[in-house]
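Asks: I'd like to ask some things about the structure below.
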Amino acid sequence: MLKTYLEPEFRVERDDERCIRCGVCITQCTFGVHWYDAAADRVEAVDERCVGCHRCSVFCPTGAITIRRTPAEYRPNANWRPEFLFDLKRQAETGGVVLTGMGNDKPLRVYWDHLLLNASQVTNPSIDPLREPMELRTYLGAKPERVAGDLPPALRIDTPILFSAMSYGAISFQAQLALFQAAEQLGTLANTGEGGWPRGLRRFKKNVIVQVASGRFGVDAEYLNDAAMIEIKIGQGAKPGIGGHLPGEKVNAPIARTRMIPQGTDALSPAPHHDIYSIEDLALLIHALKEATRYEKPVGVKVAAVHNVAAIASGIARAGADVIAIDGVRGGTGAAPKIIRDNVGIPIELALAAVDRRLRQEGIRQRVSIIAAGGFRNSADVVKAIALGADAVYIGTAAFVAMGCTLCQKCYTGRCAWGITASDPAIARRLNPDLAAERLVNLVRGWSAEIKEMLGGMGVNALESLRGNRDHLRAVGLEQWEMDVLGVKGAGQ
């Protein structure tokens, strides 16, 4: 067996004077870091196994544990950074693909941080959101060109924040239950992801989007008709151009039953849909899904943000989709090749602006709603996305953090110490779905209140007045080409 040349990423520091040998850290750690040395009457740690999830330090009753990054440093080299050295050594020892979870963590430009919002001062007085009605309600679906005859199906949501696609198996049953409960309480929507829809969660049907992905896991007529909306998943921001993979060791009996595959087998989603090779093929699937649901439900299409996303979105709109979801390069994932996550795709800010502009130029913007996804961190990001043209946004990583996630990026192992992405039922039970749902509701209600405050400050009392209104945005510290793509002026102009 090869000797590892890898140093531990984290170091566990334990204050022996505070440690009472209670063993909480041993039972709470799912990666086998802590162990009790009976001879020395000490709790020891295997630093090499620590992933930095902080579960042990949070639950230590005496605060005896501190987790730090390993202080050892390589000789500085701007080209050969420690991250690259670590990955090279890991691949030299395993010969495999380096996997990771969560979203892109590279220091790419975050355009939200370079966009500032306008505020009303004199000629257009601000609105007091505490005393005047502020409308966050919006509708997802095609907008009728005229009010006559049958109107296209549309979904009302009370806040422009939806829970992104996170599939059963990639996340635990408890985590998905928490998301659905929160969506119901908030009057918004949560997405099943491509892993099917457990029978025990079908009662939330008015607040659930179901996915039809290339693997067609769990897809049947009942699945489609139970949902509030259908989403054809073509791509996602963390891994554009490649398919999905849930390892067989995570496919237990309930997951196998939900996905309609044999227990213990890998759940593989090929990169392409083998019935979609053109816009015409996509149109056939869209209308087949509408036919299967008696034209009562909106049908959306989710794609990753790539360089020609505006042209792709135009084709999707013309194919008959009611909603387009665009997932940017910072979108999260349960598992992806690290090299793909960090190097493929474009930021959601640029993709969103390009799509909105293209659809407006072609006169078809009203045919579809746009949902933006990929790294939304706070309510200001949401407001700026709406000003760039989004109807609503998906949040995934932010929702995980609200439930307790510390972004240790080990989702693909199935050993999530917080129970969110755990595949072991005993570990998954650590997540109390009722408490997690309460935290999610608090988060979204807090963001919604802040959105109202920002709208009021702009003198706007409804999201409809902000959508695509780039005059409410000004850029700071951006190149001219970036401002041209975003369609915004520089601050002071």
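The values are calculated or read from the model by the stated rules, or taken from the named source; none is laboratory data. Computed from a predicted model, the values in this text were never measured in an experiment. Glycine also receives a Cβ, built like all others from the backbone with ideal geometry; neighbour counts cover every protein chain displayed.
Asks: Inside segment 129-139, can you point out the residues that are loosely packed, with under 12 Cβ neighbours inside 10 Å and among the charged types (D, E, K, R)?
Replies: Of everything in segment 129-139, those that are loosely packed, with under 12 Cβ neighbours inside 10 Å and among the charged types (D, E, K, R) turn out to be Arg131, Glu132.
Asks: Go through segment 44-59 and report how many residues are of a type outside the set (Val, Ile, Thr) and in a loop (DSSP other than H, G, I, E, B).
Replies: 4
Matching residues to (1) touching a helix residue (DSSP H, G or I) at 6+ places or on another chain (Cβ under 6 Å); (2) more than 23 Å from Arg470 (Cβ to Cβ):
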{"residue": "Leu289", "(1), (2)": "no, yes"}
{"residue": "Thr293", "(1), (2)": "yes, yes"}
{"residue": "Glu296", "(1), (2)": "no, yes"}
{"residue": "Asp322", "(1), (2)": "no, yes"}
{"residue": "Ala325", "(1), (2)": "no, no"}
{"residue": "Ala335", "(1), (2)": "yes, yes"}
{"residue": "Arg341", "(1), (2)": "no, yes"}
{"residue": "Glu349", "(1), (2)": "yes, no"}
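Asks: Something else: Picking from Gly241, Gly264, Gly248, which residue would you name as being out of contact with any Leu (no Cβ under 8 Å at 6 or more places or on another chain), in contact (Cβ under 8 Å) with a residue 24 or more places away in the chain and in the same structural domain as Ala335 (by TED's automatic domain parsing)?
Replies: Checking each option against the conditions leaves just Gly241.
Asks: Give Arg430, Arg377 a once-over and let me know the one that is in a loop (DSSP other than H, G, I, E, B) and free of Cβ contacts under 8 Å to residues at least 40 places away in the same chain.
Replies: Within the list Arg430, Arg377, the selection yields Arg430.
Asks: While we're looking at this one, here's another question. Confirm whether Ala417 is in contact with a helix residue (DSSP H, G or I) (Cβ under 7 Å, 6 or more places away or on another chain) and either under 30 Å from Lys143 (Cα atoms) or not small (Gly, Ala, Ser) (or both).
Replies: When the stated conditions are applied, Ala417 does not pass them.
Asks: Within segment 247-260, is there a residue that is farther than 30 Å from Gln91 by Cα, within 25 Å of the chain's Cα centre (by Cα) and not in a helix (DSSP H, G or I)?
Replies: yes
Asks: If you don't mind, another one. Would a scan of segment 65-77 turn up a residue that is touching a Gly at 6+ places or on another chain (Cβ under 9 Å) and either in the same structural domain as Tyr394 (by TED's automatic domain parsing) or touching a residue at least 60 places away in the same chain (Cβ under 8 Å) (or both)?
Replies: So far as segment 65-77 goes, yes, one or more of its residues are touching a Gly at 6+ places or on another chain (Cβ under 9 Å) and either in the same structural domain as Tyr394 (by TED's automatic domain parsing) or touching a residue at least 60 places away in the same chain (Cβ under 8 Å) (or both).
Asks: Related question: If we keep just the residues of segment 335-374 that are assigned to a loop (DSSP other than H, G, I, E, B), surrounded by fewer than 19 Cβ atoms within 10 Å (Cβ to Cβ) and touching a residue at least 12 places away in the same chain (Cβ under 8 Å), which is farthest from the chain's Cα centre (by Cα)?
Replies: Ranking the qualifying residues of segment 335-374, first place goes to Glu362.
Asks: Among the residues in segment 161-176, are any closer than 19 Å to Ser465 by Cβ and surrounded by fewer than 18 Cβ atoms within 10 Å (Cβ to Cβ)?
Replies: No, that holds for no residue.
Asks: For segment 435-486, name all the residues that are buried (at least 16 other Cβ atoms within 10 Å of the Cβ) and not in a helix (DSSP H, G or I).
Replies: Result: Met458, Gly459, Val460, Asn461, Arg467, Gly468, Asn469, Leu473, Arg474, Ala475, Leu478.
Asks: I'd like to verify a number: residues in segment 375-432 that are buried (at least 23 other Cβ atoms within 10 Å of the Cβ), at positive phi and under 15 Å from the mean Cα position of the chain (by Cα), how many?
Replies: Total meeting the criteria: 1.
Asks: Being assigned by TED's automatic domain parsing to the domain that holds Ser164, over 28 Å from His307 (Cα atoms) and out of contact with any strand residue (DSSP E or B) (no Cβ under 6 Å at 6 or more places or on another chain) is the requirement here; does Arg467 meet it?
Replies: no
Asks: If you don't mind, there's one more thing I want to ask. In the set Thr30, Thr62, which member is exposed (fewer than 14 other Cβ atoms within 10 Å of the Cβ), outside any strand (DSSP E or B) and modelled with pLDDT of 95 or more?
Replies: So the residue among Thr30, Thr62 that is exposed (fewer than 14 other Cβ atoms within 10 Å of the Cβ), outside any strand (DSSP E or B) and modelled with pLDDT of 95 or more is Thr62.
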